[in-house]
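The values are calculated or read from the model by the stated rules, or taken from the named source; none is laboratory data. Source: prediction; values computed, not measured. Here the Cβ positions follow ideal geometry from the backbone for every residue, glycine too, while neighbour counts run over all protein chains shown.
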Amino acid sequence: MRTWHFTTRWLLGSQFAARLLGLVNNVLLARLLAPALFGSFVQAMAVAGALAPLADAGVSAVLTRHVARRPQARFMLSAALGLRFLQGAILWVGVLAVAWWVRSSSQFALALVLAGAYWVTACFIQLLAGVARARVQAHLEARSVLLERGITVPAAAFGAVALGLTGALVGVLAGGVAGLLYLVRRLSFPRIRANTLAWKCLLSAGAPLAIGDVCHGLIIRLDILAVGFTFGDQSAGYYGGASTLLWAGMLVPGSMALALVPARSQVGSSSTLDHRILRWMLVVAGLMALLLSAGAPVWVRLLYGSAFGPAADALRVLAWAFLPAAVVAWGNAVLLVRHRTAWVAVVAAAGLTCLAVCLWWLPMFGPLFAAVAQVVTQCLMALLLWWLVRHSLEASSG
């Protein structure tokens, strides 16, 4: 139990560092790049990042939860490594296809290629981090995160000053490569093998998680892409700055949701514990929503500068997504602890459908409607997860 809590503290620490340093990196790049160039940056990262969960397909979580400590672990790990090379190649080809589609804008096409290279690297990091967790070596993952972000922040800032958008993405890629090399040097691996039967087992076991990850990844990024494709890079820069603050701010309630895992391992199934954590998450999320919404112009000017003034309007609306998003994080954590992975995937798919339908009306109502669509989507997902958690608790108590 002591080892488990030690591992959990490392995981929470790495999550906190990743979100905090990621916010610092985005704030620096927003200040160093013009709003239009920052809009191109967030769009390139969003396109490649939306494809990245397809390259993982839930395999990392399957290794962590079910494979790494079993007798056939080395065999499945060697197959998973071979599968990851294939998945990374597919992701790279997908990003290249999108870059070819937008080849009329050579700078954005190059940005997509660099962003795709980063996300391929991130997919390998995700797999190796899953192995480290399963081996109770989460400190290696945390150190890899600190190394990656610690290099990314100064390298991306220097690159933005020297080469603009391209230099910023080269700096991000350099940080990702450094984090990957650290894990490769610290972890031991079997020889990489190609085994189609093992690949089928991993992909079938990870399918529900893959659906949920893909949908959640699109929900976070689809509104930014819709604003950029409809109203241009500058509008995407404004909206992306506000969206960055929202998802970075979810660090605190999200960490409280992660606390369900070690708490459940100690006290077992407890609906009282679940609802106590939810109450605290809602209090924290409510305070953050109030502070960000009421002081949106101040926060935008303080963090991004006066050039990003229009981002305050989107932030005023997006801030209220904190409350339903906290319920979503809590509900996902409860259902995953109870092994209701398929329910999480269904809710995520419903949320993505809702967001896509809402964004269909974006050209009619303007960029601010993307923020409204995100809040509506989070509310729908929160209601669905609340109902499913209640159903699960009633079924277990009955």
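Listing for the model above:
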quantity	calculated
Every pair of residues 6+ apart whose Cβ atoms lie under 7 Å, when the first sits in segment 21-38 and is within 17 Å of I224 (Cα to Cα) and outside the structural domain of Y238 (by TED's automatic domain parsing) while the second is of a type in the set (G, A, S) and part of a loop (DSSP other than H, G, I, E, B)	L37/G164
Residue match in segment 71-89 (condition: touching a residue at least 40 places away in the same chain (Cβ under 8 Å) and more than 19 Å from R193 (Cβ to Cβ))	no
Residue list for segment 145-163, filter: in contact (Cβ under 8 Å) with a residue 60 or more places away in the chain and either surrounded by 18 or more Cβ atoms within 10 Å (Cβ to Cβ) or among the β-branched types (V, I, T) (or both)	V145, R149, T152, V153, A156, A157, A160, V161
Any hit, segment 203-223, residues being more than 24 Å from T341 (Cα to Cα), more than 20 Å from the chain's Cα centre (by Cα) and at pLDDT below 95	no
Qualifying positions in segment 185-217 - aromatic (F, W, Y) and in the same structural domain as V131 (by TED's automatic domain parsing)	F189
Pairs where the first residue, in segment 91-105, is over 19 Å from S40 (Cβ atoms) and the second is modelled with pLDDT of 85 or more, C-beta under 7 Å, 6+ apart	L91/G116; L91/W119; L91/V120; L91/C123; W92/G116; W92/V120
The listed residue being more than 15 Å from M45 (Cα to Cα) and modelled with pLDDT of 85 or more, out of R149, R135	R149
Test: residue in segment 304-311 that is under 17 Å from A226 (Cβ atoms), crowded, with 17+ Cβ neighbours inside 10 Å and more than 17 Å from the chain's Cα centre (by Cα)	yes
Unique residue being in the same structural domain as A226 (by TED's automatic domain parsing), assigned to a helix (DSSP H, G or I), touching a residue at least 60 places away in the same chain (Cβ under 8 Å) and more than 21 Å from A205 (Cα to Cα) when the list is F322, F369	F322
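Each row is one residue, and each column tells you yes or no for (1) over 17 Å from G176 (Cα atoms); (2) surrounded by fewer than 18 Cβ atoms within 10 Å (Cβ to Cβ).
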site: A30; (1), (2): yes, no
site: G39; (1), (2): yes, no
site: A52; (1), (2): no, no
site: V59; (1), (2): yes, no
site: F75; (1), (2): yes, yes
site: L81; (1), (2): yes, no
site: A97; (1), (2): yes, yes
site: L114; (1), (2): no, no
site: V120; (1), (2): no, no
